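The values are calculated or read from the model by the stated rules, or taken from the named source; none is laboratory data. Computed from a predicted model, the values in this text were never measured in an experiment. Neighbour counts run over all protein chains shown; Cβ positions are idealised from the backbone, glycine included.
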Amino acid sequence: MPRFEGRLNANEIFASIFNMIISQEVFADNIKKTSNRLVNKAKTDGTLFGDQKLYYATDVLSSRDWLNDAEAQNLLAVNRPKDPEVQSIEINVARQIDLTLDNYLSKRAWGDENSFSQFTSVSRQWIYETKKIYDITTYNAFFGTNETNIGGQQRTINLSAVESDTSLNTEEKARLKAQKIGEHIANLEVDMTDVSRDFNDYGFMRSYDDEDIQIVWNSKFANAITHIDLPTIFHKDGIVKGLDNVLPSKYFGKVITEDGTVPADKIIRALKEKKYGSKDYFAGEQLPTGTSYKAGEVYEETDDIICKVITKLPPYMSGFEVGTSFFNARSLTENQYLTWLHNTLEHLKNYPFITIRKN
């Protein structure tokens, strides 16, 4: 049926009267399955006091030859540790959702109190559903586009030879690619559990517990590695760990650092929620061809990022979240507001944020 345009249908027997509307139902099951989202795992409470959280990173000391009795002359030597690196995560992003409702004129659009109450309830529910969507899409787009090239945190797997081999069928290609990806990640996990300076932005000496290593997959690659292939590559715990964290492929890409216009031959997506033209776009939504954008607010979706490997999720910190309302006695309307603060998203430099891509 076409969109309802407000016209009743003429009765089939009595042409002068019209068939009534049976009922009105407002859909309330809009946003589902949010308990295990990546952003929920990254959330950490802030406070109303202060606006920054400081993370201190220290480096390894050094040893030297012991000189026996000659050490007496060094008894009062001062050897302080190196200055720590201090990273600030600042709660400095303020957002608000507003909604206007009334209990008078808009009631006339509904056939009974139940239908009107259902619409009003769903509309109020959308305030919190909208914030939920904002949190999920903003964090996912940040996570899929954030990169660092310090040390060994940029890695490439050669899959081009397998993909271009015409002697292989689709299943064989999937299995060989899965084996190459599995081998690379297995070797990476060994390297990360060893002591090295390769996997943090400070170049400090670190090692990581294999239980802390998390893989966040691009769904395009995670789904290509079938359950049949997985047992030949990963042990059981590895399967669980890997499949717990899968992001849709649309969130992976490269942030555009210059002003521009969306071309016809590229997929450009919003990095943050913003209105372009007359439409509001959440992070991860594709912008139409010809849309003008500013540097740092969009990204180009790419198909080469296989996964991200981390040991600690970048924090998503909340300063406060408060719902308020205001009744306008003159217009008989009620404004509902939801206001909150969160931090500018960035990865913690003390921990790995590794990007694995195919060539």
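Could you please find all residues in region 5-64 being charged (D, E, K, R) and in a strand (DSSP E or B)? So that I can check it myself, show each step before the final result.
Just the residues of region 5-64 that are charged (D, E, K, R), to begin with: 5, 7, 12, 25, 29, 32-33, 37, 41, 43, 45, 51, 53, 59, 64.
Answer for region 5-64, where residues must be charged (D, E, K, R) and in a strand (DSSP E or B): LYS43, ASP45, LYS53.
Report yes if ALA264 is under 19 Å from LYS132 (Cβ atoms), at pLDDT 95 or above, not charged (D, E, K, R) and not in a helix (DSSP H, G or I), otherwise no.
So ALA264 fails the test.
Of all the residues that make up region 74-92, how many are of a type outside the set (D, E, K, R), within 18 Å of VAL60 (Cβ to Cβ) and under 30 Å from the mean Cα position of the chain (by Cα)?
Within region 74-92, residues that are of a type outside the set (D, E, K, R), within 18 Å of VAL60 (Cβ to Cβ) and under 30 Å from the mean Cα position of the chain (by Cα) number 2.
Please go through region 112-126 and give me each residue that is hydroxyl-bearing (Ser, Thr, Tyr), crowded, with 16+ Cβ neighbours inside 10 Å and touching a residue at least 60 places away in the same chain (Cβ under 8 Å), ordered by number. I'd like the intermediate steps shown before the answer.
Let us first name the residues in region 112-126 that are hydroxyl-bearing (Ser, Thr, Tyr), namely 115, 117, 120-121, 123.
Now restrict to residues that are crowded, with 16+ Cβ neighbours inside 10 Å: 115, 120.
Of everything in region 112-126, just one residue is hydroxyl-bearing (Ser, Thr, Tyr), crowded, with 16+ Cβ neighbours inside 10 Å and touching a residue at least 60 places away in the same chain (Cβ under 8 Å), namely SER115.
Residue by residue through region 147-161, note down the ones that are within 23 Å of the chain's Cα centre (by Cα) and exposed (fewer than 13 other Cβ atoms within 10 Å of the Cβ).
Passing the criteria: only ASN149.
Please find, within region 82-111, the residue that is farthest from HIS342 (Cα to Cα) out of those that are in contact (Cβ under 8 Å) with a residue 60 or more places away in the chain and in a loop (DSSP other than H, G, I, E, B).
By that ranking, first place goes to GLY111.
Cβ-Cβ under 6 Å, sequence separation 6+ or interchain: first residue in region 127-149 and within 26 Å of GLU321 (Cα to Cα) and touching a residue at least 12 places away in the same chain (Cβ under 8 Å), partner among the charged types (D, E, K, R) and surrounded by 16 or more Cβ atoms within 10 Å (Cβ to Cβ). Which pairs?
As it stands, the answer is TYR134/GLU273; ILE136/ARG37, since those pairs meet every condition given.
Restricting the search to region 162-204, which residues are assigned to a loop (DSSP other than H, G, I, E, B), exposed (fewer than 14 other Cβ atoms within 10 Å of the Cβ) and of a type outside the set (D, E, K, R)?
SER164, THR166, SER167, ASN169, VAL195
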